[in-house]
Amino acid sequence: MKVDEVLQLDGQFQENDWRWNVNFQDKDFSTFKILKNKSKIMISAPHSVKHIRNGEILSQDLLTWWLALYLWKRQNLPVIYSTSYKVGDPNFDENDNSEYKQALAKYIKENDIKFLIDMHGCRPYRDFSIELGTWWEWNPNLLWRSDILKNILDSLNKSLKSYIKHTKKEITINTILPANRETTVSNLISKNCNIQTIQIEINKELRDKNNSKNLSLLINSIENLIKDLKKLENFI
C-alpha cells in the first residue's frame, strides 16, 4: 500500500532525529542529495529535515522527503532533498551561502529541466489544505503560463474534494506563503534558470501518518497532479 511505503521510508529520518546525515567529519558529507531521473519536471524538498534559520533550529516538514522519493520512484521525477541541518535553511539563505540551491540550479541547467515543484509543509491551524505560491495570484511571476496554474488548481481540487468539503479548507494561491522572498528556492531558481516554478505548502493534517485516509488522499492528489501536468500540450 502507498501509505505503508510512507511509514517505512520516513522511518529512515526518524532514526537520526530528523537530521539523517549527522557525521560532519565524513569527507563525503553533504547536506542534500539529488536523485537523477528522466522527467523534465523536478521535485524539491528543502525542509525534509530540521533546518537553521537565524540561529534557531526549526522543525522539519514531515513526510515531504518521502513524497519526493515516492514521485522519483513512481513518476520518474528527479528530486533534491535536504539530508541534515549542518548549515542554514535552503529556502531562506542567500544563494552564495546555499549549496542546495547552487547544486539544484546546476542540475536544472545541465539536464534541461522545465518545471520545478518546491514542496513544503505548514501547521495544521492554517485555514487552507494546500497553498500554491507563485509570487502573485493571477499575474504569476514564477509560473507565467496560466493554463499550468489552472491545471494544478483543478487537479488538486478534484483529488481533495472530500477533504475540502469536510474541513472547509480550500486550496489557496498566494494568500500567506507566496514565495515572494527572493531567496526562496522557487523564486531564485525561476529567475536564475529561467524556468517556471511553484511552491506548494501542504497542511500537516494531510501529512499526518496517523491518519491513513488523509495521507492516502495527499499521495493520490500529488501523483494525479504530476500525471495531469504531463498531459499538458507543449509542457515538457
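Since every read-out is calculated from the coordinates, none of them should be taken as a lab result. Everything quoted here is computed from the prediction, not taken from an experiment. Neighbour counts run over all protein chains shown; Cβ positions are idealised from the backbone, glycine included.
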ask   = Of the residues ASN187, ASN180, which is surrounded by fewer than 21 Cβ atoms within 10 Å (Cβ to Cβ) and not acidic (Asp, Glu)?
value = ASN180
query = Going through the stretch 178-236 one residue at a time, which ones are closer than 30 Å to GLY88 by Cβ, polar (S, T, N, Q) and part of a helix (DSSP H, G or I)?
reply = SER186, ASN187, SER190, ASN192
inquiry  = Go through (1) touching a helix residue (DSSP H, G or I) at 6+ places or on another chain (Cβ under 6 Å); (2) outside any helix (DSSP H, G or I); (3) farther than 14 Å from LEU206 by Cβ for THR175 and report which single condition fails.
reply    = (1)
inquiry  = Based on this model, can you work out whether ILE113 counts as touching a Lys or Arg at 6+ places or on another chain (Cβ under 7 Å), within 21 Å of LYS227 (Cα to Cα) and among the β-branched types (Val, Ile, Thr)?
reply    = yes
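Within the stretch 57-69, how many residues are among the charged types (D, E, K, R) and surrounded by fewer than 19 Cβ atoms within 10 Å (Cβ to Cβ)? Even if it seems obvious, please write down each step before you answer.
Of all residues in the stretch 57-69, those among the charged types (D, E, K, R) come to 61.
Next, only the ones that are surrounded by fewer than 19 Cβ atoms within 10 Å (Cβ to Cβ) stay: none.
Residues flagged as among the charged types (D, E, K, R) and surrounded by fewer than 19 Cβ atoms within 10 Å (Cβ to Cβ) within the stretch 57-69 amount to 0.
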message = For the stretch 211-221, check the following and say yes or no: at least one residue is surrounded by fewer than 15 Cβ atoms within 10 Å (Cβ to Cβ) and hydrophobic (A, V, I, L, M, F, W, C).
response = no
